[in-house]
Amino acid sequence: MRKVVLLSSTLLLGMAPPSPVAGLSVAVRGPNGRPIANAVVTVHLVGRPTPPARVGGGYAVRQQNIQFNPFVLVVPVNADVSFPNFDQIRHQVYSFSPAKRFELKLYAREQNRTVRFDRAGAVSLGCNIHDQMTAFLYVTDSAFTAKTDASGNVTLAGVPEGAISISVWHPYLRAPANQLSRQITLSTSARESFTVSLRAPPAASSSY
């Protein structure tokens, strides 16, 4: 009797089966234990491709009460971000950041401008008319990216088991490029914590 051996399509293609999915929660705290909000946590897979962040719609940084809102916005590479003006006065939004240099000439209430962010990295926003207006875009190439909430916590779902690199970025973090990172091996759902020190925000800015 002939023996029949069945091979899975995964093995026939010479591909390893997908890694089991785990979950990752990250807590970001200051030296005094105070929770750090608006810290961007990103995971990249080590030794294998990281799924890219999917482009959606509705990304916006509002100009209202002579401030940008939100203070930190996470968007995927190639996102179109709108900058609507809800103030009674005109604004001129700009950035000199390497990830995206642009300038939106003066425009008035209920007008809008849109910019495409096609390169990963942090983008500092300002207004040429009002120095107190500051905000940041974090343009990510990883599907596993989110910012911490008011409690300094964030949960990233769907991160596969195996070697990963975790980075924490904040606009005022005391570290090269405002970022800290570490590598771990994720085997099950895990919780990591980062203790960070922040610089004081610029005197002209009331945001934190």
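The values are calculated or read from the model by the stated rules, or taken from the named source; none is laboratory data. Predicted model only: the values in this text are computed from it and were never measured. Virtual Cβ from ideal backbone geometry, glycine too; neighbours counted across all protein chains shown. We work out accessible area using only protein heavy atoms, side chains counted, and drop any ligands, DNA or RNA first. Shrake-Rupley method; radii C 1.70, N 1.55, O 1.52, S 1.80 Å.
Structure summary
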{"read-out": "Cβ-based charge dipole, the chain, positive-most Cα from A79, P160, V43", "value": "P160"}
{"read-out": "Measure of compaction for segment 126-200 (Cα Rg per 2.2 N^0.38 Å)", "value": "1.32"}
{"read-out": "Ordering of 78-89, 179-190, 161-172 by packing [mean C-beta count within 10 Å, highest first]", "value": "161-172, 78-89, 179-190"}
{"read-out": "Long-range tail of P(r) for segment 17-76 (Cα pairs > 14 Å, %)", "value": "74 percent"}
{"read-out": "Extension reserve of the N78-F102 stretch, reckoned as 0.36 nm per residue once the Cα distance is removed", "value": "7.2 nm"}
{"read-out": "Relative contact order for the chain, counting Cα pairs under 8 Å that sit 6 or more residues apart, in percent", "value": "30 percent"}
{"read-out": "Efficiency of FRET between R119 and Q88 - r from beta-carbon atoms, R0 41 angstrom, step 0.05", "value": "0.75"}
{"read-out": "Per-peptide average of other Cβ atoms within 10 Å, ordering 133-140, 147-154 highest first", "value": "133-140, 147-154"}
{"read-out": "Accessible area in square angstrom per residue, segment 122-208, 1.4 angstrom probe", "value": "45 Å²"}
{"read-out": "Total charge dipole magnitude, the chain, about the Cα centre, Cβ charges on Lys, Arg, Asp, Glu only, Debye to nearest 20", "value": "300 debye"}
{"read-out": "Share of carbon and sulfur in the accessible heavy-atom surface of segment 35-192 [1.4 Å probe, %]", "value": "48 percent"}
{"read-out": "Relative contact order %, segment 63-153, counting alpha carbon pairs below 8 Å whose residues are six or more apart", "value": "35 percent"}
{"read-out": "Segment 46-115, accessible area per residue, ligands and nucleic acids excluded (1.4 Å, Å²)", "value": "55 Å²"}
{"read-out": "Relative contact order (%) - segment 124-208, alpha-carbon pairs under 8 angstrom, separation at least six", "value": "27 percent"}
{"read-out": "With eigenvalues of the C-alpha gyration tensor scaled by 5 and rooted, segment 28-130, Å", "value": "28, 19, 12"}
{"read-out": "Isotropically averaged projected area of the chain, using the convex hull of Cα atoms (one quarter of hull area), nm²", "value": "14.7 nm²"}
